[in-house]
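The values are calculated or read from the model by the stated rules, or taken from the named source; none is laboratory data. Here the structure is a predicted model, which means the values were calculated and not measured. Positions of Cβ are backbone-derived with ideal geometry, glycine not excepted, and every protein chain shown enters the neighbour counts. Protein only, heavy atoms only, side chains kept; ligands, DNA and RNA dropped before computing areas. Shrake-Rupley method; radii C 1.70, N 1.55, O 1.52, S 1.80 Å.
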Amino acid sequence: MKRTLLIVLFTGCWLTGVTQTPGTDQTQQNTLFDNNPERTIPDDPIFEEAIAGGSINYQTFGKYARDDSFYAQIVERFEQADETLLLSDLFILYYGFVYRNEYNGGSEIPSWQDLAKQGHHTEAYEQVCSALKTAPASPHLLLNALQIGIKANRPDEELHRLGWRLEVSLMPISFSGDGTQERPYLVTSVTDEYVFMYNILRIKEVTEQNLEYNDNKPCDRIKVVPGNEAPFTGTEVWFDVSYPFPMKFSPKHWAKQL
């Protein structure tokens, strides 16, 4: 069962890409939570507030993320794989987190990787889960937890919750752009780029990566080889790294904006 889960994840079958343009009629969108086309998507006032100006205002999610009580409730539901979470809840967990004091740009040192290489999977799993307590919707942390959790023989239900969290944590990135130079995907950590490309775009490999300024924004321009029968067929993907870029030089940079 656990070996099958890992294979499914890395062949891209576990994850479903969603690339709707913000502001479109959400009643016509497929949802990761329910494949029933007749299901009515609930009202989402926070998301509507964020797109009221015609594009996504990410600071809106930061405002709600800085409400500790509200944020803690969303985190608790997310950790339990609560499928009633709204799209705005996912944006608060991924993008709103940037505006909290604990955001560091995703620059944590993955000490658990050495433990995992040495076969100490239980200890490694405990460490990555500890990191997830700080950044609960970090795709690269969730992927690490799932990989190591499988080797640590964690219960199937626990692994499925991690897989669900990983799946939906990538959803806001899909909504942020289309990977072109004009509309790059927005990420909160450079490592998330690779989780997204391999699991959502299902690329075969990365051949080159360069930091370039695009409309005065720092962006990673990544040349890739598309996977066979993958939904993405291009040869390069653009990611906006405006969020993690200043964090090494200006701690709590985004938190100070609010």
Quick one: which of 188, 207 is surrounded by fewer than 18 Cβ atoms within 10 Å (Cβ to Cβ) and modelled with pLDDT of 95 or more?
207
Single unsatisfied condition, residue 145 versus (1) open to solvent by 10 Å² or more (accessible area, probe 1.4 Å); (2) more than 21 Å from residue 89 (Cα to Cα):
(1)
Please go through the stretch 111-124 and pick out each residue that is open to solvent by less than 50 Å² (accessible area, probe 1.4 Å), in contact (Cβ under 8 Å) with a residue 24 or more places away in the chain and either assigned to a loop (DSSP other than H, G, I, E, B) or closer than 27 Å to residue 252 by Cβ (or both).
112
Taking interchain pairs and intrachain pairs at least six residues apart, which have beta carbon atoms under 8 angstrom, with the first residue in the stretch 206-217 and over 20 Å from residue 196 (Cα atoms) and the second among the hydrophobic types (A, V, I, L, M, F, W, C) and open to solvent by less than 60 Å² (accessible area, probe 1.4 Å)?
213/219; 214/238
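With the structure loaded, tell me whether residue 51 is within 16 Å of the chain's Cα centre (by Cα) and among the β-branched types (Val, Ile, Thr) or whether it fails that test.
Values: within 16 Å of the chain's Cα centre (by Cα): no; among the β-branched types (Val, Ile, Thr): yes.
The answer is no for residue 51.
Is it the case, given these coordinates, that residue 183 is of a type in the set (Lys, Arg), within 14 Å of residue 238 (Cα to Cα) and over 10 Å from the mean Cα position of the chain (by Cα)? Talk me through it step by step, then tell me what you get.
Working: of a type in the set (Lys, Arg): yes; within 14 Å of residue 238 (Cα to Cα): yes; over 10 Å from the mean Cα position of the chain (by Cα): yes.
Judged against the criteria, residue 183 is a match.
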Filter the stretch 223-258 down to the residues that are farther than 15 Å from residue 183 by Cβ and part of a strand (DSSP E or B) and list them by number.
223, 224, 225, 226
